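Input: a single structure, listed below in structure tokens.
Only the coordinates and a few stated rules stand behind these numbers; no lab work does. This is a predicted model, so every value here is computed, not measured. Glycine also receives a Cβ, built like all others from the backbone with ideal geometry; neighbour counts cover every protein chain displayed.
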């Protein structure tokens with residue numbers, strides 16, 4: 001498990017888990033993933049505040065885009081076969097003309113947050 005503990009608490013961690021206090025934007029992340037060689041990586045880390053993304057789109061991009069690239073690089077170096085990426089709900093579709101949305105619904109992001117999360121999908 002990797003977390004920078006910016007919004008979480010150590011006491012909430014599973015004591016049986018191998019834990020590394022690392023920020024996903026740090027180059028060392030790839031080394032951690034390579035060393036641990038997990039079979040599966042769940043990428044759940046993100047800057048999730050839409051208002052913060054609008055106030056500071058550079059930081060949002062750093063965390064959500066650069067961080068995702070670091071996770072992907074770790075997966076590549078570690079030889080992991082699978083990555084599960086947690087994107088965002090329907091926010092990437094903006095105000096859709098048709099509901100429910102399908103995977104063919106055009107992407108119309110309305111914030112830097114949604115753009116940065118969509119980049120991870122691409």
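Put in line by how crowded their Cβ is, counting other Cβ atoms within 10 Å and starting with the fewest, 76, 70 read 76, 70. Working from Cα pairs under 8 Å separated by at least six residues, relative contact order for segment 2-121 is 29 percent. Among 93, 113, sorting on how many other beta-carbon atoms sit within 10 Å of each Cβ, with the fewest leading, yields 93, 113. Listing 65, 2 from fewest to most neighbouring C-beta atoms within 10 Å gives 65, 2. Taking each DSSP H run with n ≥ 4 as -39500 (n - 2.57) and averaging over every residue of the chain yields -9500 deg cm²/dmol at 222 nm. In a fully extended conformation the segment linking residue 103 and residue 14 would gain 28.5 nm over its present Cα-Cα distance, using 0.36 nm per residue. Compute a Gaussian network model of the chain, connecting alpha carbons closer than 10 Å, and tell me which residue from 11, 36, 95 fluctuates the most. So, out of 11, 36, 95, the one fluctuating most is 11. For the pair residue 5 and residue 21, label points projected 7 Å from Cα toward Cβ lie 0.3 nm apart.
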